[in-house]
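Visitor: First the structure, then my questions, so here it is.
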Amino acid sequence: MFGAGGGTSSYEEIEQTDLVVLWGSNAREAHPIFFHHLLKGLRRGAKMYVVDPRRTTSAQWADVWLGIDVGSDIALANAVAREIIHAGLVNTEFVRRATSGFEEYAASVEPFTLAEGERLTRVPGDLIADLAHDYGRAGRAQLCWTLGITEHHTATDNVLALCNLALLTGHVGRFGSGLVPLRGQNNVQGGGDMGALPNKFPGFQDVADDAVRARFEARWGVAVPRGPGWHLAQMFDAIERTELRALYVLGENPAQSEADKHRTVRLLGELDHLVVQDIFLTKTAQLADVVLPAAVASFESEGTVTSSERRVQRLRPARRPPGEARDDIDIICEVARRLGHDWGQPSAEEVWDECRSLSPMHAGMRYDRLEAMGGIQWPCPTEDHPGTQFLHARLWEEDPAERGAAAPFSPVEFEPPLDELSDEFPVRLTTGRRLDSFNTGVQTGGYASPLRRPETLDLSPEDMAGLGVAEGETVQVSSRRGSITVPVHLDRSLRPGLAFMTLHFPDQAETNVLTLDSWDPKSGTAEFKATAVRVERLPGALEAQAVPA
Amino acid sequence: MNTVAPAPAPVALRRSVELTVDGDPVIAPEGTTILQACRARGIEVPTLCYLETLAPVNVCRVCVVEVDGSRALVPSCSRPVAAGMVVRTDSERVRTSRRMVLELLASSVDLSTAGSDVHRWIEQYGARPERHGPAARAADRDHAHAGHHEAPAVGAAATVAQPVKRDNDQYVRDYAKCILCYKCVEACGEEAQNTFAIAVAGRGFDARISTEFDAALPDSACVYCGNCIGVCPTGALMFVSEHDLRARGDWDESRQEVTRTVCPYCGVGCNLELHVQDNRIVKVTSPLDHDVTSGNLCVKGRFGFEFAQE
């Protein structure tokens, strides 16, 4: 945001803030140790708002829960903004000095009155006003989000809508005030840092920048294409168009993790050549022409990962990998060698040092410093730099030269979820994680979790009664793309018309048969959070129930 | 409301305090405890219920020291230093008190898996638990009502002996080894996890750590973060993996290597300490001194490593 793709704040700051807004995040279950820091803040006296369609275990800690309709986040953010503006709570000095585009933005949110906000989001207007007033008045405020914001077809606009609120109130660039996207995987931040984005080099440097490209080309001794590559969703579209014929998949299980599973598997099957490098023979690996067994990064490899507070930390091998499994760097260098490029056998530290030489924000992060300091937060431009606790402090500089470019407001349009509710598909199905499981369950399936229970379709008490279904009864769930059968489970955190499933047990319940693979054109994220479904009792269920046991 | 000036990060400026410890002048920052001041000078003070990541609860009394002008011995883990304070950490009175604490604990609790420090202190302070007599018959502690304590037979040492609780796949609770230090209760409660699955039930000698109505863990509020096990000083709370290796006689810390790495799950960046024996992960802990976790983990980080084992 404002140029660098990372959370602005540190965990320490959520302990020291006055107001926490958790928006589309169930951190209590998805980021439990971050929630420890958050609870310290609450115990210190911070107030918390949770914006979530479900009254989650996180929401149960909130002072105020805003039970928003799935996918109406922009409408809510815009209504909050309008209320902040009309209540005179804009940080006018900050807006004047450090931002641009306020007038246009203010005009864009003007239609979002409290009544209109309530109509679009189903959050009571007085609660929208309370959030606006508390956020506008707070000395320090942290705005945190997770996939409830980003797994929508409007993912990028959703994030921008939240950034606008921080700019309006000056809740960014100061200790205790910031924007915190909580990362769902241990190195999803690091993947971005390292340039695993279609248009970036390591350190978020633009591939279209000639000077930057020249430095990388000089170091690597090859020409680098000027144009952007494809993100994941574009790759699948390119397979569909038969433009993309070979795929090398590292540590990803798209056959089960992508939305609209039937299409994904069909497209993977249409490739000329599929290589999968993974620690498991995943469903994707089973489709591959070549499988390269890899060592477990966190337990069997040397390397680094970056956390949600931009902290780069070292991974160290604790055990030998099994059988023929090899370190990712070994495998990649061996593939390169067979393709005619001898990169030698660099250590993880040598690879990292090359990165430091090309990415200014990582330049000061020597391995021994990472070790001694328990990790370093980027940017860390020199070897005597302590790392950066929070970003964008420059926006508060007195001197316009030091303040630099203004942070732009980004007016965003509200669009409801693409998979519309109808008489045929009247129930909104949303997805998320449970505390003890992770993604498609590849890693968490193997341990004996006392908390684990089979996948279910979670329904509100009202919907259970309306359908006449009993706890544990298997029902058919259908979307416009497919049907699955799954047992139902009563969940009092849900409202009528809202259902919940996880993606943790694809072998038992293929949630992604139901989901829509339409994706955000800017980020490539699919709309996992908003599927329109119909829930039906299975034929024979009534008769079966009538038979005495 | 803050219009322009960014608030600086808070910086705690602390004055220094002069005191005397064991006859020597000591300067310590205001607000530090006697224990911290002693440790900074390399003076060993035994502790059982104290942990640097938890607020002191003052229950074990093994860290007591003598402070001039104070009628009773004071717990060094929680008493802040004060100007002019005269502290004795090794007086006869202090040694007697510590000996009694260790002796009573050792006579009533199975300390076989407690840390080596505990056994060293028992020796060092001359505690003789055996003089309290042979262990009394185990009593049903979970259903004891306050005020109805049954005294053991004359000449027998009352104990907290009771059957091991094993009601799930990850935790073993052997409260015959529990010294009631409260660390697990604090870690499960306000100090870290805020789950409140366990508390102290009962009074006096019948006090014990319990879930609500002694429910089995799977029926309790427990979320299996293992943070209680992480702080237990005696092995009363133990991971099944460690418990079973010990039961088979295969637990061997001399063959274990501990490697610090980062959890493979969410993006918080929790540091893990993997305890590996014979190329198998046998236990996962987290460093107390790392500010992301302060020793705490969630169920995935703590137990979700089996995918990496053959």
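Visitor: Please give the strands (runs of 3 or more DSSP E) falling wholly within region A:426-482 in which 3 or more residues are in contact with an Asp or Glu (Cβ under 9 Å, 6 or more places away or on another chain).
Guide: Result: A:427-431, A:474-478.
Visitor: To continue, here is another question. From A:Val276, A:Val222, grab the single residue that is farther than 22 Å from A:Leu516 by Cα, of a type outside the set (Ser, Thr, Tyr) and not in a strand (DSSP E or B). Talk me through it step by step, then tell me what you get.
Guide: On the way: A:Val276 fails: not in a strand (DSSP E or B).
Answer to the selection: A:Val222.
Visitor: The conditions are (1) under 21 Å from the mean Cα position of the chain (by Cα); (2) more than 9 Å from chain A (Cβ to nearest Cβ), and B:Ser254 fails exactly one of them. Which is it?
Guide: Against the list (1) under 21 Å from the mean Cα position of the chain (by Cα); (2) more than 9 Å from chain A (Cβ to nearest Cβ), B:Ser254 comes up short only on (1).
Visitor: Count, please, the residues in region B:263-279 that happen to be surrounded by fewer than 23 Cβ atoms within 10 Å (Cβ to Cβ) and within 7 Å of chain A (Cβ to nearest Cβ).
Guide: 2
Visitor: May I pose another question? Here are some conditions: (1) in contact with a Cys (Cβ under 6 Å, 6 or more places away or on another chain); (2) not in a loop (DSSP other than H, G, I, E, B). B:Arg131 meets all but one. Which one does it not meet?
Guide: The failed condition is (1).
Visitor: Only one residue in A:Gly148, A:Gly178 is buried (at least 24 other Cβ atoms within 10 Å of the Cβ), touching an Asp or Glu at 6+ places or on another chain (Cβ under 9 Å) and part of a helix (DSSP H, G or I), so which one is that?
Guide: Just one listed residue meets the conditions, A:Gly148.
Visitor: Given A:Gln377, A:Gln313, which one is at the interface with chain B (Cβ under 9 Å from one of its Cβ atoms), buried (at least 16 other Cβ atoms within 10 Å of the Cβ) and in contact (Cβ under 8 Å) with a residue 60 or more places away in the chain?
Guide: A:Gln313
Visitor: Let me ask you something else. Would you confirm whether any residue within region B:233-243 is without any contact (Cβ under 8 Å) to a residue 24 or more places away in the chain and either on the phi < 0 side of the Ramachandran plot or more than 9 Å from every other protein chain (Cβ to nearest Cβ) (or both)?
Guide: Scanning region B:233-243, I find no residue that is without any contact (Cβ under 8 Å) to a residue 24 or more places away in the chain and either on the phi < 0 side of the Ramachandran plot or more than 9 Å from every other protein chain (Cβ to nearest Cβ) (or both), so the answer is no.
Visitor: Moving on. Output the number of the condition that A:Thr382 fails; it satisfies all remaining conditions of (1) at pLDDT 95 or above; (2) surrounded by 21 or more Cβ atoms within 10 Å (Cβ to Cβ).
Guide: (2)
Visitor: Report, ordered by the first and then the second residue, all pairs with beta carbons closer than 7 Å, sequence separation of six or more or different chains, a first member in region B:35-47 that is more than 18 Å from B:Leu102 (Cα to Cα), and a second member that is assigned to a loop (DSSP other than H, G, I, E, B) and charged (D, E, K, R).
Guide: Every condition considered, the pairs that remain are B:Ile43/B:Asp22.
Visitor: Return only the number of the condition from (1) closer than 25 Å to A:Ser479 by Cα; (2) assigned to a helix (DSSP H, G or I) that A:Ala259 does not satisfy.
Guide: Answer for A:Ala259: the failing condition is (2).
Visitor: Looking only at region A:105-128, filter to residues that are farther than 16 Å from A:Ile74 by Cβ and of a type outside the set (A, V, I, L, M, F, W, C); which one of those is surrounded by the fewest Cβ atoms within 10 Å (Cβ to Cβ)?
Guide: Here the residue is A:Asp126.
Visitor: Any residue in region A:335-349 that is surrounded by 10 or more Cβ atoms within 10 Å (Cβ to Cβ) sitting within a Cβ distance under 6 Å of a residue that is not in a loop (DSSP other than H, G, I, E, B)? List the pairs, counting only those 6 or more apart or interchain.
Guide: What qualifies is A:Trp343/A:Cys333; A:Trp343/A:Ala336; A:Ala348/A:Gly303; A:Glu349/A:Tyr367.
Visitor: Regarding region A:43-51, can at least one residue be identified that is charged (D, E, K, R), surrounded by fewer than 23 Cβ atoms within 10 Å (Cβ to Cβ), more than 17 Å from A:Leu167 (Cβ to Cβ) and within 14 Å of another protein chain (Cβ to nearest Cβ)? First the steps, then the outcome.
Guide: Going through region A:43-51, the residues charged (D, E, K, R) turn out to be A:43-44, A:47.
Retained after the next criterion (residues that are surrounded by fewer than 23 Cβ atoms within 10 Å (Cβ to Cβ)): A:43-44, A:47.
Keeping just the survivors that are more than 17 Å from A:Leu167 (Cβ to Cβ) gives A:43-44, A:47.
Retained after the next criterion (residues that are within 14 Å of another protein chain (Cβ to nearest Cβ)): A:43-44.
Looking for residues that are charged (D, E, K, R), surrounded by fewer than 23 Cβ atoms within 10 Å (Cβ to Cβ), more than 17 Å from A:Leu167 (Cβ to Cβ) and within 14 Å of another protein chain (Cβ to nearest Cβ), one finds at least one in region A:43-51, hence yes.
The values are calculated or read from the model by the stated rules, or taken from the named source; none is laboratory data. Just so it is clear, the model here is predicted, and its values are computed rather than measured. Virtual Cβ from ideal backbone geometry, glycine too; neighbours counted across all protein chains shown.
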